[in-house]
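Right, one structure below, let's go through it.
Nothing in this text is a laboratory measurement; each read-out follows from the coordinates by a stated rule. This structure is a prediction, so every number in the text was calculated from the model and none was measured. All Cβ positions, even for glycine, are placed from backbone atoms using ideal geometry, and neighbour counts span all protein chains on display.
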Amino acid sequence: FKQVYVSHLDGSEKLQVTQDPTIHLFPSWTRDGQSILYTTYGYRDRGPGIYQFHLFSGKQNRIFSSRGLHSGGKWSPDGNYIAVTLEREGNTDIYLLDRQGKADRLTHGGGINVSPAWSPDGKQLVFVSNRSGSPQLYLLDLSTRKPRRLTYSGSYNTSPDWSPKGDRIAYTGRVGGRFNILSISAQGGEPQMLTSNAGDNEDPSWSPDGRYILFTSNRKGRYQIHMMQASGENQQRLTASGGDDTNPAWSPRIE
């Protein structure tokens, strides 16, 4: 089983959010920091879908459910839409869900399209597609709905996260047989490799001020949550649990 937890940055005061003995993945925060979206594969009368957990009331509700793959729900900056990956009629694509649960398909370019992440202004999405033959990052302008390829180096790039300033995108890339964290300008260009340690380094998540990045690494054995400066300096481990800690998501900064 995989469960969703919330903790302080140093790993203390850990709160278990999900309880059902099943798999829960891809947590993400609402902008007000009061709720968490996550994907579950379902348990008993709760079917698979995207769920929302309200931290203060402890209540959870199903946002969306359908047959096939669905994962990676993330609220838009204005809180009106959720970007999500859905599989319909054998096609895996990026959709927008409105507050009534209506799904609007965004990608039509063939291949598998997954892992959407919002730009800070809500005007673009970055996502992963293998339409060129290998998983690469693409940008989608929501006004024109035309995708533009962002990464050209590396044979496997995934898990993008847009910086709060909107200037860079961090992602996981396979380099020399290992997965590492890289960042690239949102305009394109040559990526910068941020990790080069033993093991695999994956799932980057920017801090609200853009100064730090959370990520997972198995450099010491099991996957644990780590943190580094946005430049890749001062990498440190934050968790030391007996299991695998993955998919970190930094809470928003509440003024």
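For every residue, the table says whether it meets (1) farther than 26 Å from Ser71 by Cβ; (2) not β-branched (Val, Ile, Thr); (3) not in a strand (DSSP E or B).
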{"position": "Leu182", "(1), (2), (3)": "no, yes, no"}
{"position": "Phe215", "(1), (2), (3)": "no, yes, no"}
{"position": "Lys220", "(1), (2), (3)": "yes, yes, yes"}
{"position": "Met227", "(1), (2), (3)": "no, yes, no"}
{"position": "Glu233", "(1), (2), (3)": "yes, yes, yes"}
{"position": "Thr239", "(1), (2), (3)": "no, no, yes"}
{"position": "Ser251", "(1), (2), (3)": "no, yes, yes"}
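Within the stretch 8-24, is there a residue that is in a strand (DSSP E or B), under 15 Å from Phe53 (Cα atoms), within 16 Å of the chain's Cα centre (by Cα) and touching a residue at least 60 places away in the same chain (Cβ under 8 Å)?
No: zero hits.
Quick grid of which residues meet (1) within 27 Å of Ser12 (Cα to Cα); (2) in a strand (DSSP E or B); (3) of a type in the set (S, T, N, Q); (4) touching a strand residue (DSSP E or B) at 6+ places or on another chain (Cβ under 8 Å):
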site	(1), (2), (3), (4)
Gly154	no, no, no, yes
Ser159	yes, yes, yes, yes
Pro164	yes, no, no, yes
Ile169	no, yes, no, yes
Gly173	no, yes, no, yes
Gln187	no, no, yes, no
Thr195	yes, no, yes, yes
Ser205	yes, yes, yes, yes
Gly210	yes, no, no, no
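Whether any residue in the stretch 49-60 is part of a loop (DSSP other than H, G, I, E, B) and under 22 Å from Ile169 (Cα atoms) is what I want to check.
Looking for residues that are part of a loop (DSSP other than H, G, I, E, B) and under 22 Å from Ile169 (Cα atoms), one finds none in the stretch 49-60, hence no.
Is there a residue in the stretch 113-127 that is over 15 Å from the mean Cα position of the chain (by Cα) and farther than 30 Å from Tyr152 by Cα?
no
Out of Gly72, Gly111, which single residue is among the small types (Gly, Ala, Ser), under 20 Å from Pro147 (Cβ atoms), in contact with a Ser or Thr (Cβ under 7 Å, 6 or more places away or on another chain) and outside any strand (DSSP E or B)?
Result: Gly111 is the single residue among Gly72, Gly111 that is among the small types (Gly, Ala, Ser), under 20 Å from Pro147 (Cβ atoms), in contact with a Ser or Thr (Cβ under 7 Å, 6 or more places away or on another chain) and outside any strand (DSSP E or B).
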